[in-house]
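*Asks:* The structure that follows is given in the form of structure tokens.
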Amino acid sequence: MQAIANDASTSAHSRGATSINALLGRLVATGHETAPLVARIALGVVMFPHGAQKVLGWYGGHGFTATIGFMSGKLGIPVVFAVLAVAAEFLGSLGLLVGALSRVAAFGIAVVMLVAIFMVHMRMGFFMNWTGAQHGEGFEYHLLALGLAVVVMLRGSGAYSLDRMWATRRRAP
């Protein structure tokens, strides 16, 4: 009876590991295409300074504590979601730059962009504040970031990525 229970437990554990492996395989699956490479690098380069402002205080930013305080206090975003947003921008941009779990990184950035559009930038209109005449920035930048993120979510990391290396190793016998 114990042997049957052990076999069932091992089988369930094996199925769980197999499903996690299959999910990981789908997340890192990518071709050797150039378009997703360009999309992920462009998105990573553009998002890194924004994440570094929020986490490290670089590029005129206020750092992690002040950013979380602003997002949770002034914007009313729960702290856990504020931390996830900051992580998506900072860690997501790093992941995109090296091509590691790029679909996950792009999804996180896409969610941040959607929230930013609907919570802040939609009321400012479409255009960025090029002339200083508006009381804030429009959402055109966010749409471009969303477009790049969608390319990465659909096509993967593309050429020259850790995802491609991992996917290739997974297929090797």
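The values are calculated or read from the model by the stated rules, or taken from the named source; none is laboratory data. Keep in mind that this is a model prediction, so the values were computed, not measured. Cβ atoms come from the backbone with ideal geometry, glycine included; neighbour counts cover every protein chain shown.
*Asks:* Among (1) at pLDDT below 95; (2) out of contact with any helix residue (DSSP H, G or I) (no Cβ under 6 Å at 6 or more places or on another chain); (3) surrounded by 11 or more Cβ atoms within 10 Å (Cβ to Cβ), which single condition is Asp7 missing?
*Replies:* Condition not satisfied by Asp7: (3).
*Asks:* Something else now. Could you check Gly73 against (1) within 29 Å of Ser161 (Cα to Cα); (2) of a type in the set (Gly, Ala, Ser); (3) modelled with pLDDT of 95 or more and say which number it fails?
*Replies:* Unmet condition: (1).
*Asks:* Okay, moving on. Condition test on Phe70, is it part of a helix (DSSP H, G or I) and either in contact with a helix residue (DSSP H, G or I) (Cβ under 7 Å, 6 or more places away or on another chain) or among the hydroxyl-bearing types (Ser, Thr, Tyr) (or both)? Give the derivation first.
*Replies:* Values: part of a helix (DSSP H, G or I): yes; either in contact with a helix residue (DSSP H, G or I) (Cβ under 7 Å, 6 or more places away or on another chain) or among the hydroxyl-bearing types (Ser, Thr, Tyr) (or both): no.
The answer is no for Phe70.
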